[in-house]
Every structure is written in structure tokens, then in C-alpha cells.
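Undergrad: The following block contains the structure, expressed as C-alpha cells.
The values are calculated or read from the model by the stated rules, or taken from the named source; none is laboratory data. Since the model is a prediction, treat every value here as computed from it, not as a measurement. Positions of Cβ are generated from backbone atoms using ideal geometry, with glycine treated the same way; all protein chains shown enter the neighbour counts.
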Amino acid sequence: MPGTSLKDESISMAVCDREAAQPVPAEIPTSDFRPPAAVSRVGIMGGTFDPIHFGHLVTAEAARWEFALAKVVFVPSGRPPHKKDYPVTDAEHRYQMAVAATASNPAFEVSKVEIDREGYSYTIDTVLAFRRFYGPEVQLFFITGADAILEILTWKDVGRLLNECHFIAATRPGFQLNRLQETHPMLPVEGRHRIHLIEVPALAISSTDIRWRVQHKKPIKYLLPEAVEDYIHCQGLYRPHSRGVYGKG
Ligand code: ATP
Ligand code: MG
């Protein structure tokens with residue numbers, strides 16, 4: 001298994017199988033991310049979602065199942081600092097697409113917390129907003145692709161972030177786990193055990209590719225929910241020269 005060596009370095013590897021999600025008998029020592037059942041856990045799935053696609057949804061569902069999360073809240077970014085040099089579709093469109101994509105899953109919600117915030121969106125601010133809202137008892141799990149976690153973990157607030165929430169990093173096609181291992185020595189010792197890796201079905205879907213496909217009149221069917229596809233076509237998103245779409249850059 002690709003992540004086995006990371007386990008020795010105190011980053012846990014959870015594989016999405018049914019067995020792993022069963023209740024653990026009391027006599028078996030559990031790892032720290034399996035707390036008493038009374039403690040509720042909430043997943044936070046951050047992203048630009050320009051547009052949201054099945055890669056995001058599969059990852060969120062895998063994390064929800066594997067870590068027994070009560071819900072996963074999708075948080076479309078306002079002005080992502082790492083994408084400030086790129087055009088990003090207006091936040092309201094991205095929000096509406098996320099709502100449409102998640103409507104059929106009662107455990108999924110969409111939050112406007114980053115969209116409503118002025119200025120750039122930083123993960124620490126979002127996590128603190130969730131902490132204030134849900135209180136100190138709830139365990140927060142920030143879900144990302146394993147590529148995105150590398151960026152997050154090299155930020156200056158990493159100690160504070162790991163203090164407030166766990167991270168679930170989903171492996172993504174093309175991502176090499178040893179890159180995370182290289183970042184690992186830079187992480188605060190006391191927070192390392194709060195980073196968990198999960199394997200999700202290998203979906204080589206990206207929003208960049210979907211935008212490119214729309215622009216070049218190629219099909220996007222089966223890459224994202226039908227409701228999102230309809231929204232893209234009805235609103236004329238991602239077409240060449242579509243004006244007023246890239247509201248935040
Ligand atoms: P873009 O191509 O515009 O960067 P994206 O497809 O990477 O878009 P984002 O909104 O940037 O989507 O990603 C949100 C989160 O979802 C990130 O943590 C990212 O790593 C993760 N993610 C994106 N695509 C996938 C996928 N196919 N499988 C698993 N995780 C994914
Ligand atoms: Mg991305």
C-alpha cells in the first residue's frame with residue numbers, strides 16, 4: 001500500500017473499506033481520531049468549485065463514511081489567495097452549482113462563509129468560524145485533495161490549524177505520497193497525528209479540464225452531476241469570451 005511508510009511517521013492511513021467503518025470493540029485500542037460516539041464530527045470541504053465535479057463529491061463521501069462524519073459542509077472560496085492571478089467564476093455561480101450538486105445527499109451542506117467574507121479566503125479563518133459556530137466539543141475535519149494539503153501545510157498558521165482541526169487528505173491521481181513525507185518534518189510534532197490519508201477511487205477529473213472542455217465544445221457529461229451541467233449551459237459559463245462570468249480574480 002503506498003501510504004504504509006507514512007504510518008510509521010505518525011501520519012495515519014485509512015483505507016476506505018467497510019470493515020474500517022464498523023464500530024470498534026472497547027478492548028481494541030483505537031487511534032485518536034475515533035473518539036467516543038457522543039462527540040460529533042463535521043467535515044469541511046473547501047475548494048474553488050469552479051465547477052464542482054464528481055472528484056469533489058466522491059472525496060467528500062469517502063471521508064464522511066470513513067470518519068463517521070455527521071455531515072460534510074462544502075465551502076466555496078471567496079477570493080482564493082493561490083488563484084489571485086487567475087480568473088475565477090463569480091462566487092454566486094459557484095455557490096449555486098455546489099448547492100445543485102449536493103442536493104441529493106442529506107449529509108451534504110453548502111456554506112457561504114468564505115463568499116461573504118471580504119478579501120482573500122484563508123483556511124484558518126474558515127476553521128475558526130466553524131469552531132465558533134459548532135463549539136469546542138465538535139471535532140472538525142478539513143477535507144482536501146492530497147495535492148492541496150501540501151500547500152496548506154506549508155503555511156505559517158499550520159500549528160494553529162492542526163490545533164483546531166484534523167486533516168483528511170485524499171489521494172488523487174498522479175499525486176505521490178512521498179511528497180507529503182517530505183513536508184512532514186516541517187510540521188509541528190504535536191499536530192502530525194491529526195493528518196489522515198484516505199484512498200478514494202481514482203478520478204482524474206479536474207475543474208480546469210471541465211472548463212477547457214466547455215470552452216472547446218467537448219462533452220462534460222458524466223464528469224459532474226447533470227444539474228451542474230445544465231446550470232453551466234443555461235448560464236453560459238466557461239464559453240470563450242463569456243463576459244461577467246469571471247467576477248473575482
Ligand atoms: P482546478 O482545476 O480549478 O484547480 P480542482 O478540480 O482542483 O479545480 P478545486 O476546487 O481546486 O478543484 O479543489 C477543491 C478540493 O478538491 C481540493 O482539496 C482538491 O485537491 C480536491 N480535488 C479536486 N479534484 C479532485 C479529484 N478528482 N479527486 C480528489 N480530490 C480532488
Ligand atoms: Mg485545484
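Undergrad: Determine if the range 40-49 includes at least one residue that is at pLDDT below 95, away from ligand 1 (no atom under 13 Å from the Cβ) and not charged (D, E, K, R).
TA: Yes, that holds for at least one residue.
Undergrad: Scanning the range 122-173 for residues that are among the basic types (K, R) and touching a residue at least 12 places away in the same chain (Cβ under 8 Å), which turns out nearest to A70 (Cα to Cα)?
TA: R131
Undergrad: Also, I was wondering about something else. Inspect all residues belonging to the range 185-202 and state whether any of them is in contact with a strand residue (DSSP E or B) (Cβ under 9 Å, 6 or more places away or on another chain), within 16 Å of ligand 2 (Cβ to nearest atom) and modelled with pLDDT of 80 or more.
TA: Checked the range 185-202: at least one residue is in contact with a strand residue (DSSP E or B) (Cβ under 9 Å, 6 or more places away or on another chain), within 16 Å of ligand 2 (Cβ to nearest atom) and modelled with pLDDT of 80 or more.
Undergrad: Here are some conditions: (1) modelled with pLDDT under 95; (2) under 30 Å from P240 (Cβ atoms); (3) among the hydroxyl-bearing types (S, T, Y). Y134 meets all but one. Which one does it not meet?
TA: (2)
Undergrad: Find all pairs meeting these conditions: Cβ atoms under 7 angstrom apart; at least six residues apart or on different chains; first residue within the range 221-243 and more than 17 Å from V88 (Cβ to Cβ); second residue surrounded by 15 or more Cβ atoms within 10 Å (Cβ to Cβ) and of a type in the set (D, E, K, R).
TA: Every condition considered, the pairs that remain are K221/E229.
Undergrad: Go through (1) under 26 Å from P201 (Cα atoms); (2) acidic (D, E); (3) touching a residue at least 40 places away in the same chain (Cβ under 8 Å) and name the single condition E109 misses.
TA: (3)
Undergrad: Here's a follow-up. Run R172 past the list (1) modelled with pLDDT of 85 or more; (2) within 16 Å of ligand 2 (Cβ to nearest atom) and report the number of the one that doesn't hold.
TA: (1)
Undergrad: Inside the range 206-220, can you point out the residues that are part of a helix (DSSP H, G or I) and either among the hydrophobic types (A, V, I, L, M, F, W, C) or more than 15 Å from V88 (Cα to Cα) (or both)?
TA: Correct list: I210, W212, R213, V214.
Undergrad: From the set of residues in the range 229-249 that are at pLDDT 80 or above and in a loop (DSSP other than H, G, I, E, B), which is surrounded by the fewest Cβ atoms within 10 Å (Cβ to Cβ)?
TA: P240
Undergrad: For I52, state whether it is farther than 22 Å from V200 by Cβ, within 16 Å of ligand 1 (Cβ to nearest atom) and either polar (S, T, N, Q) or in contact with a helix residue (DSSP H, G or I) (Cβ under 6 Å, 6 or more places away or on another chain) (or both).
TA: The answer is no for I52.
Undergrad: Is it fair to say A98 is within 16 Å of ligand 2 (Cβ to nearest atom) and out of contact with any helix residue (DSSP H, G or I) (no Cβ under 7 Å at 6 or more places or on another chain)?
TA: So A98 fits the description; yes.
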